[in-house]
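The values are calculated or read from the model by the stated rules, or taken from the named source; none is laboratory data. The shown structure was predicted, so the numbers you read here are calculated from the model rather than taken from an experiment. Quick reminder, even Gly has a Cβ in these numbers, built from the backbone with ideal geometry, and neighbours come from all protein chains shown. Calculation scope for accessible area: heavy atoms of the full protein, side chains included, ligands and nucleic acids excluded. Shrake-Rupley method; radii C 1.70, N 1.55, O 1.52, S 1.80 Å.
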Amino acid sequence: MENKTLLKMRLERKQAQLEAAYNAYTALLKGGVQSYTIGSRSLTRLDLPSLEETIAKLEQEIDMLEGQMAGRKQRKAFGVVPRDI
């Protein structure tokens, strides 16, 4: 597990990115701008689904980092294969 200082830095960075994505989404929805730039990515009004995916991904990453900060372990996925006996 990463140390708490590194986790906190990553969490703050992701939260800032999420805030910028929320601002971009709001601006595009209001029609105030036709395009918006975050870092090296440029989004246009037609890219709202892409921006929604970005927001969802950032929210998941923040939840994961907050869980690690609280000492919870990451969830592990596994599959179950039903078999006839």
With everything on Cα atoms, drop me the angle between helix 48-69 and the longest principal axis of the chain, reported from 0 to 90° to the nearest 10.
40
Got a sec? What order do Asp47, Asp84, Asp63 fall in by accessible area at 1.4 Å, biggest, i.e. largest, first?
Asp84, Asp63, Asp47
Just to be sure I understand the model, the point goes 7 Å from the Cα along the line to the Cβ. What's the resulting Glu12 to Glu61 distance in nm?
1.7
Need one word for the chain: rounded, prolate or oblate. Basis is the Cα gyration tensor (sqrt eigenvalues a ≥ b ≥ c); a/c below 1.5 gives rounded, then a/b vs b/c decides.
oblate
At Lys30 and Ser50, where each label point lies 7 Å from the Cα along Cα→Cβ, what is the point-to-point distance in nanometres?
2.3
